[in-house]
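Q: After the structure tokens below, expect a handful of questions from me.
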Amino acid sequence: MVADMDKAIEFYIEKLGLKLLNHYGNHYAEIQAPDLLIGLHPKSKKTVLGNNMSIGFGVKDFDQQVEALKSQGIAVDIEADGWIRLAYFTDPDNNVLFFAENK
């Protein structure tokens, strides 16, 4: 659920480099990630924005991807837990996203 469809689409396409498949005004948009389809819906009065979903992306070059986010002004919180490193960040509606790298 997103508050501003255009802003959300810009984030996923421009900042994360994913592909926009369909865009139906402020009603719905489909974003293609590797092996994942993300559906963006406008928020409603019942929606609480932020922290109501989480999407993780496996990446080949963790450090390079983290630097790419930081270079675009996206705050990243890195967590290392033995066998995995996680880089948490949020979209414009504070939904949690992360990159994961298995060690």
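The values are calculated or read from the model by the stated rules, or taken from the named source; none is laboratory data. Everything numeric in this text was worked out from a predicted model, so none of it was measured. Cβ coordinates were reconstructed from backbone atoms using ideal geometry, including for glycine residues, and neighbour counts include every protein chain displayed.
Q: How many residues are touching a Phe, Trp or Tyr at 6+ places or on another chain (Cβ under 9 Å) and exposed (fewer than 13 other Cβ atoms within 10 Å of the Cβ) if we restrict to the range 26-52?
A: Matching residues across the range 26-52 total 3.
Q: Test each condition in (1) modelled with pLDDT of 95 or more; (2) surrounded by fewer than 17 Cβ atoms within 10 Å (Cβ to Cβ) for Ile55 and report the one that comes out false.
A: (1)
Q: Test each condition in (1) touching a strand residue (DSSP E or B) at 6+ places or on another chain (Cβ under 9 Å); (2) within 19 Å of Tyr88 (Cβ to Cβ) for His23 and report the one that comes out false.
A: (2)
Q: Inside the range 72-87, can you point out the residues that are of a type in the set (Val, Ile, Thr) and surrounded by 13 or more Cβ atoms within 10 Å (Cβ to Cβ)?
A: Result: Ile74, Val76, Ile78.
Q: Within the bounds of the range 77-96, is there any residue that is in contact (Cβ under 8 Å) with a residue 40 or more places away in the chain and farther than 16 Å from Phe11 by Cβ? Even if it seems obvious, please write down each step before you answer.
A: Taking the range 77-96 as the starting set, the residues that turn out to be in contact (Cβ under 8 Å) with a residue 40 or more places away in the chain are 90-96.
Filter again for farther than 16 Å from Phe11 by Cβ, leaving none.
No, the conditions are met nowhere in the range 77-96.
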